[in-house]
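Scroll down for the structure; my scribbles are underneath it.
The values are calculated or read from the model by the stated rules, or taken from the named source; none is laboratory data. All of these numbers come straight from a predicted model, not from anything done at the bench. With ideal geometry, Cβ positions are generated from the backbone for all residues, glycine too; neighbour counts draw on all protein chains shown.
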Amino acid sequence: MPKILIIEDEAAIRRVLVKILSEESDTYQVEEAEDGLVGIEKIKKDDFDLVLCDIKMPKMDGVEVLEAVKKIKPEIPMVMISGHGDLDTAVNTMRLGAFDYISKPPDLNRLLNTVRIALDRKELVVENKRLKKKVSKNYEMIGESDAIARIKDMIDKVAPTDARVLVTGPNGTGKELVAHWLHQKSERSKGPMIEVNCAAIPSELIESELFGHVKGAFTSAAKDRAGKFEAANGGTIFLDEIGDMSLSAQAKVLRALQESRIQRVGSDKDIKVNVRVVAATNKDLKKEIADGKFREDLYHRLAVILIEVPALNDRREDIPLLVNYFTNKISEEQGNAQKSFSDKAIKLLQNYDWTGNIRELRNVVERLIILGGKEVSEADVKAFASK
């Protein structure tokens, strides 16, 4: 049930607003506050979906209330109630973050329409935050080792910029987590995050996948198609396993980075793109350059910032945290009762040779949860971890 708070010092106006809202819908729960100070206290103690607030009030005027609410609960839409002489101030409150304003005496249709739209918007904002939180939860970086602390610190420093980043490290270490956090902590977080696995796309299709194509560009090009760079416009493109990209595609990526322009396959028309590039590889690109398999000029364009993700064997102190995280996550996904790991089982896992890194650890934890006892023991680890 949507909860609406009316902050208005004139009792007669409050009664009118309560009557209008109550007659419109029996699903609205309406509360009143006779001044701004009382209203702020109510907002601090309770969750409201909408606030209707007068501008001219004693003790604390509507502009001050608006500024305070935006600091403590910025997601609540505020609709300002203005007298005839307050219109300029009402318009100014829109710049300060008010959702809308209505004039006294309130027009019935205008008021109800504004309330409905404001409540719909609040619902969308809450849903978007929920989804974003869900996405963030899927890409948590678990660990308190010095290596992980350094990576998190670097992400915090680099993410707000548009600097290109090259993430290196063995397979299964979580390079994609770094890419997602760079995007989510950046000014581009509201834009798209487009992932391209360069190793999974055949070399003859990689250019079309990245830059799109026009109808007739090749045999199966039945219609125009935008590529990943266009899809990522305004956001971030993550080029995973870029060391596997063909030299021809590398040349086009280099041009896109230099000029912020691309051309679809089969077209000579330039398309301007605004994209941040984050790349990752498990290869030694300097060796690839020496072997003539990777362009040195592209490497220097990509590696403005270099982030190296360590192998799990180099951060064994994080294994207890990772085991606990995966245990919770897997139990939640499968709807099973959560199991625990004995201290000896954890110790044994810490001494294991994790050639597959984080990815392998997750698989082993899932196997032990399924096959192990109520408390996963040292014997369970010896029996099932290496299978």
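Quick notes on this structure:
- Pairs with Cβ under 8 Å, 6+ apart, first in segment 67-96 and at negative phi and hydroxyl-bearing (Ser, Thr, Tyr), second assigned to a loop (DSSP other than H, G, I, E, B) and surrounded by 15 or more Cβ atoms within 10 Å (Cβ to Cβ): 82/55; 82/104; 89/55; 93/55
- Pick from segment 345-363, criterion β-branched (Val, Ile, Thr) and more than 29 Å from the chain's Cα centre (by Cα), ranking: nearest to residue 319 (Cα to Cα): 346
- Matching residues in segment 350-387 - criterion: being among the small types (Gly, Ala, Ser) and not in a loop (DSSP other than H, G, I, E, B): 379, 383
Let's see how each residue does on (1) closer than 30 Å to residue 267 by Cβ; (2) of a type outside the set (Gly, Ala, Ser):
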position: 152; (1), (2): no, yes
position: 160; (1), (2): no, yes
position: 175; (1), (2): no, yes
position: 184; (1), (2): no, yes
position: 188; (1), (2): yes, yes
position: 196; (1), (2): yes, yes
position: 199; (1), (2): yes, no
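- When segment 2-16 is filtered for residues that are more than 18 Å from residue 47 (Cα to Cα) and either assigned to a loop (DSSP other than H, G, I, E, B) or under 39 Å from the mean Cα position of the chain (by Cα) (or both), the ones remaining, listed by number, are 8, 9, 10.
- Restricting segment 174-198 to residues that are assigned to a helix (DSSP H, G or I) and of a type in the set (A, V, I, L, M, F, W, C), the residue that is nearest to residue 157 (Cα to Cα): 182
- Residue count, segment 1-58 (criterion: touching a residue at least 40 places away in the same chain (Cβ under 8 Å) and loosely packed, with under 13 Cβ neighbours inside 10 Å): 3
- Residue in segment 325-339 that is surrounded by the fewest Cβ atoms within 10 Å (Cβ to Cβ), counting only those that are free of Cβ contacts under 8 Å to residues at least 40 places away in the same chain and in contact with a Ser or Thr (Cβ under 9 Å, 6 or more places away or on another chain): 337
- Within segment 127-171, restricting attention to residues that are part of a loop (DSSP other than H, G, I, E, B) and modelled with pLDDT under 90, the residue that is farthest from residue 325 (Cα to Cα) is 139.
- Candidates 19, 59, 70, filtered to the one that is of a type in the set (Lys, Arg), within 19 Å of residue 120 (Cα to Cα) and either in the same structural domain as residue 121 (by TED's automatic domain parsing) or in a helix (DSSP H, G or I) (or both): 70
- Residue-level check: of (1) in contact (Cβ under 8 Å) with a residue 40 or more places away in the chain; (2) under 29 Å from residue 191 (Cα atoms); (3) in contact with a strand residue (DSSP E or B) (Cβ under 7 Å, 6 or more places away or on another chain), residue 250 misses just (3).
- When residues of segment 254-294 are limited to those that are touching a His at 6+ places or on another chain (Cβ under 9 Å) and over 29 Å from residue 190 (Cβ atoms), the one surrounded by the most Cβ atoms within 10 Å (Cβ to Cβ): 265
- Any hit, segment 174-183, residues being closer than 19 Å to residue 242 by Cβ, crowded, with 16+ Cβ neighbours inside 10 Å and in contact with a Gly (Cβ under 6 Å, 6 or more places away or on another chain): yes
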